[in-house]
Amino acid sequence: MGVSRPQKAANGVSTRWVYVFCIASFFLGVVVINRFWAIPDPLDRDKVSPEKHRSEEASFQTGDILSQVSQTHDVIMTLDKTISSLEMQLAAARAAKGDSEEASPVVTKLGTENLKARRKVFFVMGIITAFSSRKRRDSIRETWMPKGDGLLKLENEKGIIMRFVIGHSATAGGVLDRAIDAEDEQHKDFLRLNHIEGYHELSSKTQIYFSTAVAKWDADFYIKVDDDVHVNLGMVGSTLARHRSKPRVYIGCMKSGPVLGQKGVKYHEPEYWKFGEEGNKYFRHATGQIYAISKDLATYISVNRHILHRYANEDVSLGSWFIGLDVEHIDDRSLCCGTAPDCEWKAQAGNPCAASFDWSCSGVCKSVERMGEVHQRCGEGDEAIWHTSF
């Protein structure tokens, strides 16, 4: 016979936590019941005159009940936060376990991290990129994204994680994967996914990105941004900080475009018939260039990603996952400014931009050549992020 060890449930949560939670709930119930249902001694009641008794009852009703209700409310809120925290740990554990079981050799290490070792940060920004986008990535590194020691300083001092997000090729370990490995060795700014890259797989890639990021970092917000968008990190941080106390928020430039059922056109939706009659529009959703979601929503995607339907367009897919939930949609137009002169006019008017791109190109037109110019004219200044308090 050996010393018994604490058992763990299949979801990765120790049974010790279950026992602690049950015992705490029991004692809380005893305290609450005793406070509300305590009955005075009958002998003491007989000694009190009816008038005084009625006076005491009135005083109890106007004073003690309000005090006890307030205290009970505080206890309930504390329990609610505790339960929510346990649920988040459980969900993240499931996500980590799922990623570990399904991961390719390239990303196996992502799913095996200890859940308790997840770093608490402000936000994670995933810059969606492709194998062919090396020059785009370099244009971002040379402008609005810190690199090297600056990237580490951003993580340590501001709690901001920034990574280029990419999966692997159909032949894992091939020349494309080796090129990304070499680039990551140089810059250390990639998040590799258990995902086969493909133009029509962006909805799946986005889903896996959120699941992987939740398993790796405990963040208040998770951001997705394209690699041809200019971002002002200080403004993004200030924008998110205003919504930090809200549990389920979906922040972006909300739109409702037409459902395109005609084959061969850009943004064609093969499942157009699901959205009603011809000519209908989509429900409100954030445009895909950049958006942010709070931790609860990212965890929801992680837990349910195997049953969440993916439409042809990634931004529509994300919006569809939230449309039936109790989610606050925040339409923030600072996340979809145009490039100069639009961004300059808005800054002069006291409304600096968090992100800029050209609608005609769904990003900065010719971003490799123009990102430096856009940064010069639309940027908040390279030191702004360090002087911005969150």
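Every number here is computed from the coordinates shown, using simple stated rules; none is lab data. Please read these numbers as outputs of a predicted model, since none were measured by experiment. Because the Cβ atoms are built from the backbone with ideal geometry, glycine has one as well, and the counts that use them run over all protein chains shown.
Per residue of segment 210-218, in order, report the coupling 6.51 cos²θ - 1.76 cosθ + 1.60 (Karplus, θ = phi - 60°) as ³J(HN,Hα) in whole Hz, putting x for Gly and Pro.
Computed from phi, the couplings for segment 210-218 are 4, 4, 5, 5, 5, 5, 9, 10, 9 Hz.
With Cβ to Cβ distances under 14 Å as the rule, what net charge do the other residues near residue 256 carry (K, R +1; D, E -1)?
The answer is 0.
Could you give each residue of segment 125-141 its phi-based ³J(HN,Hα) in whole Hz, using Karplus coefficients 6.51, -1.76, 1.60 with θ = phi - 60°, and x for Gly or Pro?
10, x, 9, 6, 9, 10, 4, 7, 9, 4, 5, 5, 4, 5, 5, 6, 4
Quick one: if the Förster radius is 45 Å, what FRET efficiency do residue 351 and residue 175 give, using the C-beta to C-beta distance and rounding to 0.05?
0.45
Could you work out how much longer the chain between residue 328 and residue 384 gets when fully extended? Use 0.36 nm per residue separation minus the Cα distance between them, nm to one decimal.
Result: 17.3 nm gained on full extension.
When only DSSP loop residues count, what trypsin sites (Lys or Arg not before Pro) in segment 185-227 have their Cβ near at most 16 other Cβ atoms within 10 Å?
Sparse-neighbourhood loop trypsin sites (Lys or Arg not before Pro): 188.
Work from the charge dipole of segment 292-390 (Cβ charges, +1 for Lys and Arg, -1 for Asp and Glu, about the Cα centre) and give the residue of 360, 375, 309 farthest towards its positive end.
309
Does segment 103-387 classify as rounded, prolate or oblate by the C-alpha gyration tensor (a ≥ b ≥ c root eigenvalues; a/c under 1.5 gives rounded; else a/b over b/c gives prolate, otherwise oblate)?
Rounded is the answer for segment 103-387, as its axis ratio a/c remains below 1.5.
So for the pair residue 283, residue 243, with labels modelled 7 Å out along Cα→Cβ, what separation do we get in nm?
Using points 7 Å along Cα→Cβ, the separation is 1.7 nm.
I'd like the Karplus ³J(HN,Hα) series for segment 255-268: coefficients 6.51, -1.76, 1.60, θ = phi - 60°, whole numbers in Hz, and an x wherever there's a Gly or Pro.
Values per residue, Gly and Pro as x: 9, 8, x, x, 7, 9, x, 6, 5, x, 8, 5, 6, 4 Hz.
Within the set 135/216; 147/188; 120/216; 147/366; 120/295, which residue pairs have Cα atoms separated by over 18 Å?
The answer is 135/216; 147/366.
Peptides 346-356, 265-275: what's the order by average Cβ count within 10 Å, highest mean first?
In decreasing order of mean packing, 346-356, 265-275 become 346-356, 265-275.
Can you list the residues, at least 5 places off or on another chain, whose amide H is less than 5 Å from the amide H of residue 189, using H built in the peptide plane?
Those qualifying (amide H under 5 Å, at least 5 residues apart or on another chain) number zero.
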